[in-house]
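Just below is one structure, and these are the notes that go with it.
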């Protein structure tokens, strides 16, 4: 656990620092915002505690601009309620009153370390996967975790890290699908000052931030093929080159990767390097979909019901017999993620001493349908809605909106968008040039974001 404290270490902050160190945190201190940002660029951190008298809004904005995803907690005198509210509004995740309460600081540190990701399973199909994961956890072998979207691949990756010899070192996750191609290289390997427009200072990448620990490359199938070559060298030689750098940097990391695609098939298509696949796939952990883990459904449903009751300050209520039957009969095409969202909603909608079947609803408020009939009903509803949206529109308009919606969904990642659309990147680029050059009106706010990301 790496803690950065920003502010003068006078009195209460000194005490807070000592409490954190007594709980096993490695503490670094910076006097002001600029110095704190410099520490984050060079060393990284799992949590930032900042004096509420400093400009938290400036800090949070700078972290966002530089894509540093470290949570910020504000600290200040307990009587200053206005400062506490202002800190939360500025982007702080929590407010810790000073003088510090040892148990409160311990709870904050524990929450960051736990990262709110409990690993829950009971089904024999999951037991086999978990047993294999724990068997290989203490090695430094690369592990490829595959499975449908929402099955819990990142949760399993964190479990592997927690059972490894690197458990006390950083666990750093990078979502390769959420970061545009032009920025992903800098995100992974870091950059030197002036390497490109906006590179105002040297910044370490995720490889260096994970040094000594574990790096998770989430949805690695979405990484551009050109960047895969540089990644392969880093994995083979444990040496990286910062963007704009002249000196190689040695790193000591264990690499895990996840994908919801068949990477062997992607390699045959030429969209994923075969040699990189061999390097990553020393051990493959395949997570079965939730529909193939029936014993996990009730266990997870009970866990989520407790979690969201506590999070919302509500009494913990059990699921009724009818609700239990309903959740076990559903197909859960969105897997664990869909089940979690459904139970969160059910906790808020339930009104009696139990969570009854009437509270188990879809996001649109409809009753949850089950089994094959439910899957067919949902498919028909979606198809009808899509068909109605096409009526009265030209083919060119429909094609434009589909392309821009997909690009927006991929956060500007053209490679990912082209794969989803089933077209080449060149075709996608030509279409986007056509739209921007012809000044075609863009109706949806997301389309503006897509074109801006493209431009």
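Each reported figure results from applying straightforward, stated rules to the coordinates on display, with no laboratory input. All figures in this text were calculated on a predicted structure; none of them were measured in a lab. Glycine also receives a Cβ, built like all others from the backbone with ideal geometry; neighbour counts cover every protein chain displayed.
Observations, loosely collected:
- In units of the rule-of-thumb radius 2.2 N^0.38 Å, region 178-270 shows an alpha carbon radius of gyration of 1.10.
- Peptides 265-272, 298-305 ordered by packing proxy, namely the average of other Cβ atoms within 10 Å per residue, highest first: 298-305, 265-272.
- FRET efficiency estimate (nearest 0.05) - Cβ-Cβ, residue 252 to residue 167, R0 25 angstrom: 0.95
- Estimated FRET transfer efficiency (residue 83, residue 107; beta-carbon r; R0 30 Å; 0.05): 0.90
- A crude spin-label estimate for the pair residue 70 and residue 8, with each label 7 Å from Cα along the Cβ direction, gives 2.2 nm.
- Relative frequency of Cα-Cα separations exceeding 36 Å in the chain, percent: 39
- The chain: calculated mean residue ellipticity at 222 nm from DSSP helix runs of at least 4, using -39500 (n - 2.57): -15000 deg cm²/dmol
- Quick note on region 2-114: its Rg to Rh ratio, both from C-alpha atoms and Rh being the Kirkwood radius, is 0.92.
- For 253, 425, the sequence from fewest to most other C-beta atoms within 10 Å is 425, 253.
- For residue 55 and residue 291, the difference between the fully extended length at 0.36 nm per residue and the C-alpha to C-alpha distance is 80.1 nm.
- From the alpha carbon centroid of region 39-111 to that of region 156-204 is 22 Å.
- Note: region 122-251, Cα convex hull, 115 Å³ per residue.
- Over all projection directions, the Cα-based convex hull of region 291-373 averages an area of 5.0 nm².
- Order of 296, 366 - criterion: other Cβ atoms within 10 Å of each residue's Cβ, fewest first: 366, 296
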